[in-house]
Amino acid sequence: MERGNLDPNEVNDLERNIRTFLPDIITDLKELVTVPSVAFPGYPPEPVFRMAELTADFLKRYGLSDARLLEIPGGYPAITGEIPAPHGAPTVLLYAHYDVQPARREDGWETDPWTPVIKDGRLYGRGSADNKSGIASIAGTIRALSGRSPVGIRVIIEGEEETASHLHAFVEAHPELFTCDLFIITDMGKMVPGEPVLSTTLRGEVSCVVTVKTLAHAVHSGVFGGPAPDALVALIKMLATLHDGQGDVAITGLSSYPWGGAEFPEPLYRRLSGLPDSVDTIGTGTISSRLWSKPSATIIGIDAPAVRDASNILIPQSRARVSLRIAPGADPKHEVRLLTEHLRANAPWHVQVEISEVHSSNGFICPVGGHGYEAARKVMEAVYRRPVQEAGAGGSIPLLNVLKRAVPSAEFVLWGCEDHEQSRIHGANESVAIGELERMIVTQTLLLQELGKRGIQKR
């Protein structure tokens, strides 16, 4: 399947067709954004269930006539539906998720996070990009096919991607429900809008909670301070050893490798991350390597007295959650063992150390070079009218490895409507570019049409 040989008229006709119903897609996406479908423990379940029902209705209206809730034991329902494959045609499974990160206006939002607002060609609101835009792109793709799908279509919309997912165990127990020739994962994106990207790797993540104890109880820092170690000081000394003087992760034996794909320009990285010119980047190697193929360590939580509650005491116990992003392909159990051993080995003064809540998840390396992947590259290049880059992702989607084990012969395409420049997923003022939503609907539709014409040859 050669790149760049799509009929431009076919692309133009499809773009015109999709623009006729794109306002409806945007209206429905805005409705989805109004629902605070936060699936984290402790948040109300009613909005999550309401979001599941709305998603099923949304997909039905756009042509997935059997869209329905799929009960996931122990968790929130997924949404599923299927369009049978024409004789001899491949089957494609399209994935997105409807749950979102928490959001509060006081976290820095310029507008209410649950009230969608369109400004300067972007739709703002929690979940507008991550990942309700994926739901919208799937619905738009099915609508664009006008009931004449050239391939089999399966849809899975998850309800717990942002939290402890119960879908993983369900996939392992029912792999036959996920059988396909190609997975399209719509939960990815680009560095900047209009620059086409296929994601090829994701880092994994391991974490733990480290607790340091030094005293039986708090005591006066003036009366007893000096000989007795403060637990928070000891913990800080341990955490400070996670990086060397250049800012590289200093845990011996962790996996890493040089990045060989698209480069992430440092000026763009600084602008998108909000890093001032006066502050150094940390670590060595290219920005892309540091983001996508080397480990990074972060302290994502720490228990310590707030400044407003400061008191003249020696702190008897302190704890922190340490998160370590690991290179794609690294063994998470091996990497988390190295992390915990490093923390114990660097505990000063023989303080008591407890390590708990150990978590690990694999990264993902996308199989590339297959016919489905090359077809995706070709159609994306035709729609965006420029070469497609291959990029990594610093985040994690643990489900991908579960799907790969369940359907080992299937190919993967990882893309989506998000962009690093302005989408700000998980942060304040999350948004999606309406132009990206349109382009991704066109791209996905063309891919399914191309696969219907040529199929997917088995490797």
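The label-point distance for Glu195 and Asp66, in a model that sets each label 7 Å from Cα toward Cβ, rounds to 4.3 nm.
Based on the alpha-carbon gyration tensor of region 104-223 and its eigenvalue square roots a ≥ b ≥ c, which shape applies: rounded if a/c is under 1.5, prolate if not and a/b is larger than b/c, or oblate?
On the way: a/c = 2.80, a/b = 1.61, b/c = 1.74.
Oblate shape, in that a/c is at least 1.5 and b/c is the bigger or equal ratio.
Principal-axis analysis of the Cα atoms of the chain puts helix 46-61 at an angle of about 20° to the longest axis. Relative to the longest principal axis of the Cα atoms of the chain, the long axis of helix 434-454 lies at roughly 60 degrees. Extending 7 Å from the Cα toward the beta-carbon at both Ser409 and Tyr43 defines two label points whose distance is 3.9 nm.
Filter the cross-link list Lys60/Lys404; Lys213/Lys237; Lys294/Lys378; Lys60/Lys190; Lys132/Lys190 down to pairs whose alpha-carbon distance in this structure exceeds 20 Å.
Numbers: Lys60/Lys404 28 Å; Lys213/Lys237 14 Å; Lys294/Lys378 30 Å; Lys60/Lys190 29 Å; Lys132/Lys190 16 Å.
Check vs 20 Å cut-off fails for Lys60/Lys404; Lys294/Lys378; Lys60/Lys190.
I'd like the antiparallel share, as a percent to the nearest 5, of DSSP beta bridges with both residues in the chain. Taking every DSSP beta bridge within the chain, about 65 percent pair in antiparallel fashion.
Around Ala320, with a cut-off of 15 angstrom between Cβ atoms, what is the net charge of the other residues, counting Lys and Arg +1 and Asp and Glu -1? Can you show the working numbers first?
Details: positive: Lys213, Lys237, Arg319, Arg321, Arg344; negative: Asp230, Asp303, Glu354, Glu357.
After counting each charged neighbour, the total is +1.
Using alpha-carbon pairs under 8 Å, 6+ residues apart, how would you state the relative contact order of region 314-459 in percent? Provide the component values of the computation, followed by the final result.
Values: 100 pairs, mean separation 34.5, N = 146.
Computed over region 314-459, the figure is 24 percent.
About the centre of its Cα atoms, the chain shows a dipole size close to 420 debye [charges on the beta carbon of Lys, Arg (+1) and Asp, Glu (-1) only; nearest 20 debye].
Once C-alpha pairs closer than 8 Å and six or more residues apart are averaged by separation and normalised to the residue number of region 1-147, the relative contact order reads 29 percent. Could you state the angle between the C-alpha long axis of helix 332-345 and the longest principal axis of the C-alpha atoms of the chain, as a value from 0 to 90 degrees rounded to the nearest 10? On a 0 to 90 degree scale, this one is about 20. When DSSP beta bridges are limited to those with both residues in region 1-155, what percentage is antiparallel, rounded to the nearest 5? Close to 65 percent.
Taking only the Cα atoms of the chain, the ratio Rg/Rh comes out at 1.01, with Rh defined as the Kirkwood radius. Only one residue of Thr111, Asn362, Leu29 has its Cα farthest out toward the positive end of the dipole of the chain, where Lys and Arg carry +1 and Asp and Glu -1 on Cβ, and that residue is Asn362.
Checking the a/c ratio against 1.5 first, then a/b against b/c, what shape does the Cα gyration tensor give for region 208-296?
Note, shape of region 208-296 comes out prolate.
Relative contact order, whole percent, for the chain stands at 25, derived from Cα pairs under 8 Å and 6 or more residues apart. Could you state the number of Å between the C-alpha centres of region 366-426 and region 66-98? Between the Cα centres of region 66-98 and region 366-426 lies a distance of 19 Å.
Exposure proxy for Lys237, Lys294: other Cβ atoms within 10 Å of each Cβ, ordered fewest to most, give Lys237, Lys294.
Each value in this text was obtained by applying a stated rule to the coordinates, not by laboratory testing. Note that the structure is predicted; figures quoted are calculated from it, not measured. Cβ coordinates were reconstructed from backbone atoms using ideal geometry, including for glycine residues, and neighbour counts include every protein chain displayed.
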